[in-house]
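Everything below concerns the one structure shown next.
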Amino acid sequence: MTAPRGDAAGRPASPASLETLHARADAHARAIATDQRVPGAQGADEAAWTAHAVVLDRLAANRRHAEAHGWTSCAIERVSSGGRFELFGVPPGSALRAPVPEPAAEDRDVAWRALRRAAAACAAAFAPRGGQDGDRRAPSTPQGSAARDQTRERLPRAGERAGWRAQDAARDAAHTVLLTAVSVYTRALRVEGCSARRAAGAVALAVHAGAGSASSTLDTASLARLVHDAGCRSVEAYYTR
């Protein structure tokens, strides 16, 4: 899994603005317009198309984000003869169409911090405590002992089982919160134009950093399972509309 550009905690660098992407596409278009079909012109064509495709991908991502936040009648329209496009729609509570603004990077940062916290809480919940992760098999019934001895044996066993059930419930809840945070962060990255591979890499780094920062004794295998589960959920969330 290729790690995305950004820091080691899974927070990718801020993407270029839509205006910057438009400027790059315009520069490639001007280069082709002045090119007299010298060797290398095909490479220039490919670069220009790639830059144009990046603009359209960003606008499509912005459209998904806008519709998720209540915008309606969204459409990508050409706004000049030079090939520039812009996203228009009807904002919530309005009847007039307007340009759709780019989503704020704060959405991604809030989701990133929530994922780090969820990973730390999950790691703490799955860390072994005081021998509670020992043999969880149901205790066998004592043979040939008096009823009083059997009662004394059942009491601590029942208490252990209750503790195990409570710990399992806490672990399930922490795991559910983690997977939900993974989905939210993945969608925030998708809106910004991250590929599925980069988003999964960012999620894995964030979960690993969050779980590793927890004051727990989580073993390496358990940490690897958490990161693996998070990566699988990230791919599912990325392709879920």
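The values are calculated or read from the model by the stated rules, or taken from the named source; none is laboratory data. Just so it is clear, the model here is predicted, and its values are computed rather than measured. So basically every Cβ, Gly included, is an ideal-geometry build from the backbone, and we count neighbours across all protein chains shown. Accessible surface areas use protein heavy atoms only, side chains included; no ligands, DNA or RNA. Shrake-Rupley method; radii C 1.70, N 1.55, O 1.52, S 1.80 Å.
So how much slack lies between residue 56 and residue 180, counting 0.36 nm per residue of separation and subtracting their Cα-Cα distance, in nm? Can you show the working numbers first?
On the way: separation 124, 0.36 × 124 = 44.64 nm, distance 2.88 nm.
41.8 nm is the gain from fully extending residue 56 to residue 180.
Could you please report the charge total around residue 178, scoring K, R as +1 and D, E as -1 over all other residues with beta-carbon less than 13 angstrom from its beta-carbon? Walk me through the numbers before you get to the answer.
Working: positive: 116, 117, 171, 225, 233; negative: 172, 229.
Spelling it out: positives minus negatives among the neighbours equals +3.
Give the ranking of 194, 232 by solvent-accessible surface, highest area first, calculated with a 1.4 Å probe. Walk me through the intermediate numbers first.
Details: 194 10, 232 60 Å².
The most accessible residue leads, giving 232, 194.
For residue 86 and residue 195 in the same chain, what is the full-extension length gain: residue separation times 0.36 nm, less their Cα-Cα distance, in nm? Before the final figure, lay out the partial values.
Working: separation 109, 0.36 × 109 = 39.24 nm, distance 2.16 nm.
Result: 37.1 nm gained on full extension.
Under 5 Å between amide H atoms, partner at least 5 residues away or on a different chain: which partners does residue 85 have, H built in plane at 1.01 Å?
Amide H neighbours of residue 85, under 5 Å, 5+ apart: 79.
Calculate, in nm to one decimal, what residue 29 and residue 46 gain on full extension: separation in residues at 0.36 nm each, minus their alpha carbon distance.
5.0 nm
Amide H neighbours of residue 74 under 5 Å, counting only residues 5+ apart in sequence or on other chains, H built in-plane at 1.01 Å?
90
Please turn the phi angles of the stretch 116-128 into ³J(HN,Hα) values with the Karplus equation 6.51 cos²θ - 1.76 cosθ + 1.60 (θ = phi - 60°), one per residue in order, whole Hz, x for glycine and proline.
Each residue of the stretch 116-128 in turn: 4, 5, 5, 5, 5, 5, 5, 4, 5, 5, 8, 6, x Hz.
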